[in-house]
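All remarks here apply to the structure that follows.
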Amino acid sequence: MRAHPFSRRLRTGLVLATTTAAAIGTATPHTPANATASDAQPAAVVFEDNFDGPAGSPVDGAKWQLETGDNVNNRERQYYTNSTRNAALDGQGNLVITARKENPGNFNCWYGRCEYTSARLNTAGRFSHTYGHYEARIKVSRGQGMWPAFWMLGNNFGDVGWPDSGEIDIMENVGFEPATIHGTLHGPGYSGGEGIGAGYTLPDGQHFADAFHTFAVDWSPNRITWSVDGTVYQTRTPADLDGDRWVFDHPFFLILNLAVGGQWPGDPDGSTVFPNQLVIDYVRVTTGDNGDQGPTGQITGLDGKCVDVAGADSANGTPVQLYGCNGTPAQQWTVSGDGTIRALGKCLDVTAAGTADGTPVQLYDCNGTGAQQWTVTAARDIVNLSSGKCLDASGHSSADGTRLQIWSCTGAANQKWTAPA
């Protein structure tokens, strides 16, 4: 299904940092009262905000930044502010984004004096991540012209622009479709009206504004799946792009916003009630629950030698090396659906999360960090997504015991691997 005809892309001038940030420390996992078996916590929570705090408090600035400005690209009517009148905690464990029909700051929008204020938050410069399970429990806004969304942009947005950065819309709703939400991908050749997505409609006349619902995506190499309350309603892979480029292989940051008006939802009318609210119970990102699933076998490189855990030792910090293939478990690697590569129950890891050429790789407890995120390309490179560098046999050597490392990708034979697929 081709989804809505308009993009949620940023207007030039909105406050946006594009620095990749390390994962933020996490709190005790928050389990909603209506949790089901599908909400069971995976092994590693890499980002979480439960929005606990006194009523009227601002969001945690270590996790979120507030954008300011209007959005001419979508012809939205609101001005995004950094005021707690538009985004604040409610004292009951929720973040409330409030759209108001007012303009106390005398803000100017693309159409003249702004008629509405609202809020838009993102984690750029605070948190970004590649792959995993991304979810939020949300009660959406209600009424004609309202446009709430939970979505993500590639953290290279500032360098390559939209849509080359990629956009993953986890949940969008337009007020004239109170029973339906949309999930969409945008990228080069499939953006705006050509976005790839689908809608999900509640049964029996229910409306999304009537209760909280959990919106999620499970994102793994070459596969993104959307769900509502644990029910999967679409899966997308590169095969859906008609030959266009898949750009969902690098870190993305999170965005929450409530727009008023725009080309897709249309403007509010006399039936639309203000103030109008989008209520978020929690946002959580985990490494996913499929770390031990995926193709398993030997990874071979120079002269047919195998990627090997030295001494078949599963201790943290054990070197990973090149060695003659011998069929032992130390050479059995799972290319996992969460972006990790695993052997002996642990992850292929860049030592100390280094990004410099020559940083050695090792075996280490799986922890969800960028040092353990890899993609196997069609060109047979194994690329560490955090550093953008390739798995490399040091010194171009194929001798037994040659240490493996990361190095700038050169296309040389010592960076070419055959992995299980």
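The values are calculated or read from the model by the stated rules, or taken from the named source; none is laboratory data. Keep in mind the model is a prediction, meaning the values are calculated, not measured. Cβ coordinates were reconstructed from backbone atoms using ideal geometry, including for glycine residues, and neighbour counts include every protein chain displayed.
Looking for something surrounded by fewer than 22 Cβ atoms within 10 Å (Cβ to Cβ) and modelled with pLDDT under 95 - is there at least one such residue anywhere in the range 297-306? Yes, the range 297-306 contains a residue that is surrounded by fewer than 22 Cβ atoms within 10 Å (Cβ to Cβ) and modelled with pLDDT under 95.
Taking the criterion of being free of Cβ contacts under 8 Å to residues at least 40 places away in the same chain and either of a type in the set (D, E, K, R) or assigned by TED's automatic domain parsing to the domain that holds ILE406 (or both), would at least one residue in the range 282-299 satisfy it? No: the range 282-299 contains no residue that is free of Cβ contacts under 8 Å to residues at least 40 places away in the same chain and either of a type in the set (D, E, K, R) or assigned by TED's automatic domain parsing to the domain that holds ILE406 (or both). Inside the range 21-71, residues that are more than 17 Å from TYR134 (Cβ to Cβ) and modelled with pLDDT of 90 or more make up a count of 18. Counted as qualifying within the range 62-135 are the strands (runs of 3 or more DSSP E) with 2 or more residues that are closer than 19 Å to THR272 by Cα and among the aliphatic types (A, V, I, L, M), namely 95-99.
Of the residues making up the range 91-106, none is of a type in the set (Asp, Glu), crowded, with 16+ Cβ neighbours inside 10 Å and either at pLDDT 95 or above or over 24 Å from ALA124 (Cβ atoms) (or both).
Looking across the range 412-421 at every residue that is within 22 Å of THR340 (Cα to Cα) and either touching a Cys at 6+ places or on another chain (Cβ under 7 Å) or not in a helix (DSSP H, G or I) (or both), the one that is modelled with the lowest pLDDT is identified as ALA421.
Within the range 359-411, the set of residues being free of Cβ contacts under 8 Å to residues at least 40 places away in the same chain and either outside the structural domain of ASP338 (by TED's automatic domain parsing) or more than 24 Å from ASN156 (Cα to Cα) (or both) comprises ASP392, SER394, GLY395. Take the residues in the range 316-334 that are under 32 Å from the mean Cα position of the chain (by Cα) and loosely packed, with under 14 Cβ neighbours inside 10 Å, then tell me which one is modelled with the lowest pLDDT. Only one residue tops the list, namely ASN316. Considering only residues in the range 151-202 that are assigned to a helix (DSSP H, G or I) and in contact (Cβ under 8 Å) with a residue 40 or more places away in the chain, the one that is surrounded by the most Cβ atoms within 10 Å (Cβ to Cβ) turns out to be PHE157.
For (1) closer than 25 Å to ASN155 by Cβ; (2) in the same structural domain as ARG75 (by TED's automatic domain parsing), each residue gets a yes or a no:
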residue	(1), (2)
ARG236	yes, yes
PHE248	yes, yes
LEU256	yes, yes
VAL260	no, yes
LEU302	no, no
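Listed conditions (1) outside any strand (DSSP E or B); (2) touching a Leu at 6+ places or on another chain (Cβ under 6 Å); (3) among the aliphatic types (A, V, I, L, M) are all met by ALA315, apart from (2).
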